[in-house]
1. Pop a pseudo-label 7 angstrom from the Cα along the beta-carbon direction at both GLU68 and ALA27 and give the gap in nm to one decimal.
2. Over every pair of different alpha-carbon atoms in the chain, take the mean of 1/r and invert it; report that Kirkwood radius in Å.
3. Just to check I understand the Karplus step: with θ = phi - 60° and J = 6.51 cos²θ - 1.76 cosθ + 1.60, what whole-Hz values come out for segment 59-76, glycine and proline as x?
4. Given H placed 1.01 Å from N in the peptide plane, which residues other than close sequence neighbours of ASP88 have an amide H under 5 Å from its amide H?
5. If we sort 107-117, 39-49 on the protection proxy, mean other Cβ atoms within 10 Å, highest first, what's the order?
6. Pop a pseudo-label 7 angstrom from the Cα along the beta-carbon direction at both ALA113 and ASP43 and give the gap in nm to one decimal.
7. Taking only C-alpha pairs under 8 Å that are 6+ residues apart, what is the relative contact order of segment 2-161 in percent?
8. Sort 124-133, 8-17, 26-35 for me by packing, meaning the mean count of neighbouring Cβ atoms within 10 Å per residue, highest on top.
Amino acid sequence: MRVYVPLTLPGLATAHETGVLAADPFAAYAVTPALREWCGTEDLEELEYTALGEAANASLRLLAADPEAAPCRIVVAVDVADGAVTPDADGLGEVTVAASAKLAKAAAVHADAGDAAADVTAAARAVEAADDGDDAARIAVDGAADHELLWFATQEIPALLGRR
């Protein structure tokens, strides 16, 4: 099963140095029954895009917790054994993965382009208020979501880390 792991650039740097994307258990996002129901589609590409977007929002929360991190949402796509994944009953696409994941097994890295930095900074500052229902904060978070994450091969991680 493909899961989407939210990170920051410092988190990606640690994964690159250690070779471990995430130790078990870890939180990620995936196509779950709740996500399928919410989306109302069986189009796998659309469902995976939605799971990726949820992971990008989780990356904003990580950025909010680490104001020193460069304003860049990072999501790593990795395939894990189906049996290692347990959907979170309360979250849209949220899962717990009960196995470690090696960065070498990652399929791709998704990251913001440099021109998203201002919107990502504003969104990271506003994400908690948006979660609490603040409409102005939700607009700031949506501003970051308007920026498509770019696709990078895992071989391009060193270049991404140069943006720190």
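1. Between GLU68 and ALA27, the label points sit 2.2 nm apart.
2. 15.8 Å is the Kirkwood radius here.
3. Taking θ as phi minus 60°, the curve returns 4, 4, 5, 5, 5, 4, 7, 10, x, 7, 5, 4, x, 8, 6, 10, 9, 9 Hz for segment 59-76.
4. Result for ASP88 returns GLU94, VAL95, THR96.
5. So the peptides 107-117, 39-49, ranked by packing, come out 107-117, 39-49.
6. Using points 7 Å along Cα→Cβ, the separation is 2.2 nm.
7. 28 percent
8. 26-35, 8-17, 124-133
Laboratory data are not the source of any read-out in this text; all were calculated from the coordinates shown. The model shown is predicted, which means the values in this text are computed figures rather than measured ones. Cβ: placed from backbone, ideal geometry, glycine included. Neighbour counts: every protein chain shown.
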